[in-house]
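> What follows is a structure written as structure tokens; I'll ask about it next.
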Amino acid sequence: MTDRLIVVGVDGTSTGLRAVAWAAREARLRGRPLRLVHAAPYLGTLDDPSGRGRADAVLGRARTVAHQTAPEVATEAVVLPDPPVAALVDASADAELLVIGMIGGSGPEIVLGSVTLDITTGAHCPVAVVRGEGAVDHATRSSPAPVLLGIESVDADAAAVTAAFDDADRHGSGLTVVQVPSHPRHLGLASSAVYDQLAPWRAEHPDVDVTVRIGQGNPGLALLHESTDARHIVLGTRGRHAAVRVVLGSVSRFVLRHSRVPVTIVPRSLSSGTTVPAALAGDPHDRSQLW
């Protein structure tokens, strides 16, 4: 496979299989091949009979789900004898999108585990986190539910803006943009001004119906409130560095923990052709680590 891939982590759980189905649909829409990656640190060696049998069973179920969901998508399966974080971060190097599952529910089940956090902050591409128990499925709707884009500013989150417009266009849905500013220069910005800043993307995606809202109060709560009717949330973060947890700020962590729909995290380091204002770098009033 030489095309950019959709990569999905496979662990044998029902949440993991939900992630496989979501990734297969996304691969079909994008016209990309799908790679199923199972991290198997339990393997003594790659030809360990008992360990290999376990890995083959996990990948076999995932292949079945992928084929039932999108039979036309070219699919391959890979077993890596590494811990999940190392395996999936490495697998993301030649991926267009990395998809992982995260358990939902209540109590300790909704704690954003270190594995999910480290993969999300360490990956070389956008990461989609698909929920398990309690997830909302919009597949039965007569028309596609909108994608929700959460940003601090259009300039800083240009890569996420691009990802959200592309997603809305692929799915034939609308796009709701919620700007929740944390920087003083963005406070009081009117929704019409944000809409005007989106002009380059609106021109490139004329069929996408765009709604802009300015979030008030707690950014995480504002985004969850707006996500009630969304099928997907897209958020931007500062960059990628697995050792620096501040990269995935408090807003992103909050949304990942409580969202009932898939959330895609897009590093700001992924260039979209729009320059991030240099004035944001090192500004003592900049609280964008929240994101």
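> Where does each of 146-154, 262-270, 209-217, 13-21 land if you order them by average Cβ count within 10 Å, highest first?
Descending packing order for the listed peptides: 146-154, 262-270, 13-21, 209-217.
> Which GluC sites (Glu not before Pro) in segment 1-104 pass both tests, a DSSP loop state and at most 12 other beta-carbon atoms within 10 Å?
In loop regions of segment 1-104 (DSSP not H, G, I, E or B), the sparsely surrounded GluC sites (Glu not before Pro) are E72.
No lab work stands behind these numbers, since they all come straight from the coordinates. All values reported here derive from a predicted model rather than from experimental measurement. Cβ: placed from backbone, ideal geometry, glycine included. Neighbour counts: every protein chain shown.
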